[in-house]
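The values are calculated or read from the model by the stated rules, or taken from the named source; none is laboratory data. For clarity, every value in this text was computed on a predicted model and none was experimentally measured. FYI the Cβ positions are ideal-geometry reconstructions off the backbone, even for glycines, and counts take in every protein chain you see. SASA here: full protein model, heavy atoms, side chains in, ligands and nucleic acids out. Shrake-Rupley method; radii C 1.70, N 1.55, O 1.52, S 1.80 Å.
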Amino acid sequence: MLRSAPHQRRNALPIRSPCCGGRSRLCGAPSRDAAPRPGHETCGEKNMKRHLCWFALPLALVAGLSSAIGQEAARAAGDAVLGPVFSNTGPNADIYGAAAGFPVGDRATAGQPHYLVGTYSHFGDVFPSRLVRRATTPWQFKRAPGPSISYNFRSERLSIENYLARNPITGLLIARGDTILYEHYQYARTDRDRFLSQSMAKTITAMLIGIAVSEGKIKSIDDPVSTYVAGLSETEYGKTSIRDLLHMSSGVAFKEIYDGNDDIAQLSRDLFGGSGKDAVTSVAQFNTRVAPPGTRWHYASVETEILGLVLRAVTGGPVADYLQDKIWQAIGAESDASWAIDSTGQEITFCCFNAVLRDYARFGRLLAHDGAWEGRQVIPRQWMLDATTVQPAVAYLAPGTATPYFGYGYQVWLLPGEARRFALLGIRGQIILVDPVSKLVMVHTAVRQKPSEPSSYAETLALWFSVLAQLGK
């Protein structure tokens, strides 16, 4: 293995096609920078920095080589390795563009396997995005060696190293409480890369709704959306409560099957494709109610987009700024994050948040502590409990009912079983798993070739439950 230079940025072609939220495909978008805000870098400035980093690359690689060799020697000897481990390869690396330095694609190619590694770790650099500033004084994880992790899957006993060798993982981190036990990167990704969240951003949006409620900006989640977004007052979504949007149970028809011709593709073309429509106009076109609200769960990324419109209306500013002020600073984020925006400057709240792996772990730690951080309640505790628990009145959201396996809370996936455990999920393998009892968190970023592969969760969950059994005591 070769340790990658921490600030290395690979060559990137201009992309014009963002990953359309939820678990969707890549769709067209204009290649143009967002209007910069005071104190924020433009995409052009970021690109210049990326190209300048190449001059420092040879020296950085030489400097990192001895460290990587030492890490591998320690592993071979059975000694504990503290600190992240980097690999410049991974399963099927040739398919993912290893020979070309894992390039970022353009509008026509970004969704192809050859460009996925580059796209999913440079999304915020090449698409119009709003910066979420890191904390002035970052909160630091401790580190401790975890035991060798193994798991059972399909009659095989496998190690965590086997898992990495079998799955297209870009980053995998396991933390318990304030301590990182495992941190590994593949495909030449590093702990400086911002990884695309995909639909994990939905849970971030829901937590911001909870904060807005606690601050009195939203009077009640039983209010209809039109109370806050007047432009939707004559639509079915405008007549739907915020609670039902949080549960994805509006009863409004929205097709999300990722065939390029469905409703999520249309919404994404509107928001990213230069249609000239603002987000209110875009979501208003989906206006056919097929079931009473609050009676049936149906996955629809448009409903999270509407929650983002509510946030913008009640806070009077960008959603990214609200995240920065209320959560990102509070948890001591070590790196700037970014959130993709549409042509009007509205965050695409159903997807497209980008952060380094350890900051995702910080967010997971916040959720594991039911919204508390070092004695301060950042997200209301009752909101966290409500968000991650199925009440008898909404039994249709229970695990095994909402889906054959997962249940659904406030834009968060609920695992079956007596213990309260939950997950943030995004297409192609973006996952944060949380256990509030043991305070274990597993962050998992990946580049699976198909947008939606329900069967792919089986091995990840087998690993997770084994981690709980081995490290959760």
Under 1.5 on a/c is rounded, so check that first for segment 369-471, then, if it is not, pick prolate when a/b is larger than b/c and oblate when it is not; a ≥ b ≥ c are the square roots of the alpha carbon gyration tensor eigenvalues. oblate
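What does the extension gain come out to for residue 165 and residue 112, with contour length at 0.36 nm per residue minus their alpha carbon separation? Intermediate results must be reported in sequence, preceding the final value.
Values: separation 53, 0.36 × 53 = 19.08 nm, distance 2.10 nm.
That works out to 17.0 nm of additional length.
Which whole-number value in Å² is the accessible area per residue of segment 97-223, probe 1.4 Å?
Numbers: 4450 Å² over 127 residues.
Computed with neighbouring chains in place, this is 35 Å² per residue.
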May I ask you to order 448-455, 331-338 by the average number of other C-beta atoms within 10 Å around their residues, highest value first? 331-338, 448-455
Ratio Rg/Rh, restricted to segment 144-296 and using Cα atoms, in which Rh is the Kirkwood radius: 1.09
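Between residue 179 and residue 395, 0.36 nm times their residue separation minus their Cα-Cα distance comes to what? Present the calculation step by step, with values, prior to reporting the outcome.
On the way: separation 216, 0.36 × 216 = 77.76 nm, distance 3.60 nm.
Extra length from residue 179 to residue 395 when fully extended: 74.2 nm.
Ignoring any ligand, DNA or RNA, what whole percent of the accessible area of segment 134-239 comes from carbon and sulfur when the probe is 1.4 angstrom?
Details: 1810 of 4140 Å².
The nonpolar share, carbon plus sulfur, comes to 44 percent.
Rounded to the nearest 0.05, what FRET efficiency do residue 226 and residue 458 give with R0 = 56 Å and r taken as the Cβ-Cβ distance? Could you check? Intermediate results must be reported in sequence, preceding the final value.
Values: r = 42 Å, r/R0 = 0.74.
So, using R0 = 56 Å, E works out to roughly 0.85.
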Accessible-area order for 213, 467, largest to smallest, probe 1.4 angstrom, reads 213, 467
Of 457, 299, which has the most accessible area and how do the rest follow, probe 1.4 Å? 457, 299
Take the Cβ-Cβ distance between residue 214 and residue 374 as r, set R0 to 22 Å, and report the resulting FRET efficiency rounded to the nearest 0.05. 0.75
